[in-house]
Amino acid sequence: MRGVGRKSGTAIAAGLAVQGLLPLLGSRTGVVADNVLLALIALVTTLGHRRQARTSRGQQRWAWSLAAAAAGLWSASSVVDTVDVFLSADASLDELLAVGAALCSLVALVLLGSAGRAGHGDRLSRLLDVATVSGALFLLAWEFVIEPAQARLPGLSGPLVVSVLLPELIGAAYAVVLLSRSLSHRGDTALTLLALGLLAFAATMLLAVHNLAHQLPWYATGVGAGYVIAGLLTALASRAPLPPETFTEQAHRAGRWLLLPYLPVSLAFAVAAWRYLHTGSLTAALFWLLLATATLVLVRQFLNLRVNQRLADELRRRGAELAHQAAHDPLTGLANRAGFQQRAEAELAAAGPDGLTGVLLIDLDGFKAVNDTYGHAAGDALLVGVAARLRAGVRGDDTVARLGGDEFAVVLPHLNDPGEVYDIGLRVLHQLTEPIDVGVAVITARGSVGATVGVGGRHEPLDLVEQADVALYEAKAAGKGVVRTHGSVLIGGPGSVGGDRIGNAPHAGEHVVLHDEQHVGRRA
């Protein structure tokens with residue numbers, strides 16, 4: 001933005017200097033001098049845009065080629081106008097060349113503005129913005145330039161608007177919309193300067209019509225400076241570095257420049273209100289322009305609401321995904337340690353004074369040998385299979401979690417009696433006897449379970465985990481493959497899931513029986 005401001009300030013200073021010199025040169029000499037200067041500026045611009053076209057590809061190459069054509073047409077228009085001065089002719093060729101230059105500039109700006117990955121919704125938003133600002137600018141132009149010119153120069157206004165002013169106003173509207181997005185983007189210096197040049201040229205053309213209607217010198221009201229400023233801005237744009245991707249609609253959806261299109265719209269409504277307060281009525285043209293602009297504003301706001309709703313839905317979806325990822329293990333899909341803590345806290349808080357909440361800790365026996373023998377991919381496949389077995393062994397409202405490595409935990413809310421925690425632990429061990437295909441082998445897992453039960457909601461999840469961990473240590477000390485509960489009296493009895501039956505479970509084909517790290521092997 002700082003570079004754009006410095007270059008724009010230089011162009012404005014040069015234009016004001018020319019504006020101050022023109023009254024001293026006389027009418028004919030001033031026209032010739034101004035046209036020669038503009039022709040040289042346009043020639044430099046043409047060469048610069050041709051260089052940009054050669055270093056660009058695809059849509060950008062076409063855009064900069066059209067910008068070079070626009071500069072060339074403008075240079076030709078200045079030359080033709082100079083010849084007309086010497087021949088005292090009043091041909092319209094220079095005006096046709098100027099209109100061609102304006103149209104080429106507009107198309108080039110549209111191509112540059114649409115380069116990137118803007119989606120259908122973004123293009124529709126931009127189209128509505130351009131239409132809205134075009135209506136507002138046309139309303140202002142009608143009020144201050146076109147209608148007075150029509151009154152003073154009958155028959156001139158209609159063709160002039162269609163052939164010259166209308167494309168200029170549309171180009172200015174597109175420039176305003178584009179500036180609202182590109183001014184905050186440091187890489188869009190060339191695009192910003194080109195848009196400012198088109199905006200300056202449109203304003204200068206309106207002032208030139210105003211001078212003509214009021215029989216003022218052609219350079220009056222800043223017209224002499226305007227042409228030079230517009231030419232220099234486009235020349236500077238042709239020398240500015242090109243960004244890797246000229247423009248993306250999603251780059252800036254916020255910031256002060258986003259309000260820029262609302263400025264001409266606000267001015268248009270203010271002018272209409274001022275006219276109505278002073279005259280008590282609106283002309284038919286002003287009324288329909290105001291109605292069309294208001295309608296477009298409403299449509300644009302409706303589209304904004306839809307876009308904001310989609311963004312809000314997307315944010316909620318991503319928030320839910322992040323929350324799920326934060327509480328779940330990416331490998332098995334089970335709750336992770338944080339998810340286990342959250343669920344345990346919630347269940348304990350909801351438990352009544354006599355409510356029973358159980359916790360199981362499950363540790364696989366001999367898991368390290370699987371990683372060492374078959375690789376980590378097989379170990380991961382085994383963990384996924386174990387997760388599925390654990391889900392199948394618990395109740396529907398129980399929460400299975402992977403705390404890390406080969407250690408799992410289960411939250412068991414709303415137990416009917418303390419002994420139920422043992423029964424569920426027993427079912428879990430039985431589920432682990434189902435063979436698991438890990439790709440390179442079929443493995444029958446084995447684990448140990450430590451269990452505990454909390455009465456009421458006065459317990460901390462960590463306390464229950466510590467109690468279950470003590471019970472798990474006892475289960476491993478008892479020979480593994482068993483369930484042990486915390487406390488001096490074992491709930492439901494001390495029984496174990498027969499280690500021999502797990503270790504020697506018959507299975508057709510080749511499989512691995514997972515006992516411990518010393519007894520992992522193949523058997524037929």
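Each value in this text was obtained by applying a stated rule to the coordinates, not by laboratory testing. Everything quoted here is computed from the prediction, not taken from an experiment. Cβ sites come from the backbone with ideal geometry, for glycine too, and all protein chains shown count toward neighbours.
Structure above, values below:
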{"item": "Environment charge at THR279 (Cβ cut-off 15 Å; Lys +1, Arg +1, Asp -1, Glu -1)", "result": "-1"}
{"item": "FRET efficiency estimate (nearest 0.05) - Cβ-Cβ, ALA478 to VAL299, R0 51 angstrom", "result": "0.10"}
{"item": "Calculated from backbone phi, Karplus (6.51, -1.76, 1.60) coupling profile of the stretch 25-31 in Hz, x at Gly/Pro", "result": "8, x, 5, 5, 4, x, 4"}
{"item": "Label-to-label distance, nm, for residues given as LEU331 and LEU277 (7 Å Cα→Cβ offset)", "result": "7.3"}
{"item": "Highest to lowest packing among 144-150, 195-201, scored as the average C-beta count within 10 Å", "result": "195-201, 144-150"}
{"item": "Cα gyration tensor shape of the stretch 2-316, rounded if a/c is under 1.5, else prolate or oblate by comparing a/b with b/c", "result": "oblate"}
{"item": "Pair ALA349, ASN416: separation of 7 Å Cα→Cβ label points (nm)", "result": "2.9"}
{"item": "Least to most buried among ASP188, ASP398 (fewest other Cβ within 10 Å first)", "result": "ASP398, ASP188"}
{"item": "Gained length - GLU434 relative to LEU24, 0.36 nm times residue gap less alpha-carbon distance", "result": "137.5 nm"}
{"item": "Nonlocal amide H pairs with THR485, under 5 Å, H built at 1.01 Å", "result": "ALA451, ILE491"}
{"item": "Protection-proxy order for peptides 320-331, 371-382, each taking the mean of Cβ atoms within 10 Å per residue, highest first", "result": "371-382, 320-331"}
{"item": "Contour excess over end-to-end distance, with Cα ends at PHE287 and GLU460 and 0.36 nm allotted per residue", "result": "55.1 nm"}
{"item": "LEU166-THR10 pseudo-label distance in nm [points 7 Å out on the Cα-to-Cβ vector]", "result": "3.8"}
{"item": "Computed log₁₀ I(q)/I(0) - Debye formula, equal Cα scatterers, no solvent, the stretch 347-468, q 0.11, 0.16, 0.22 Å⁻¹", "result": "-0.38, -0.73, -1.17"}
{"item": "By average C-beta atoms within 10 angstrom, highest first, the peptides 53-66, 413-426, 72-85", "result": "72-85, 413-426, 53-66"}
{"item": "Global form of the stretch 1-49, assessed from the alpha-carbon gyration tensor, a/c cut-off 1.5", "result": "oblate"}
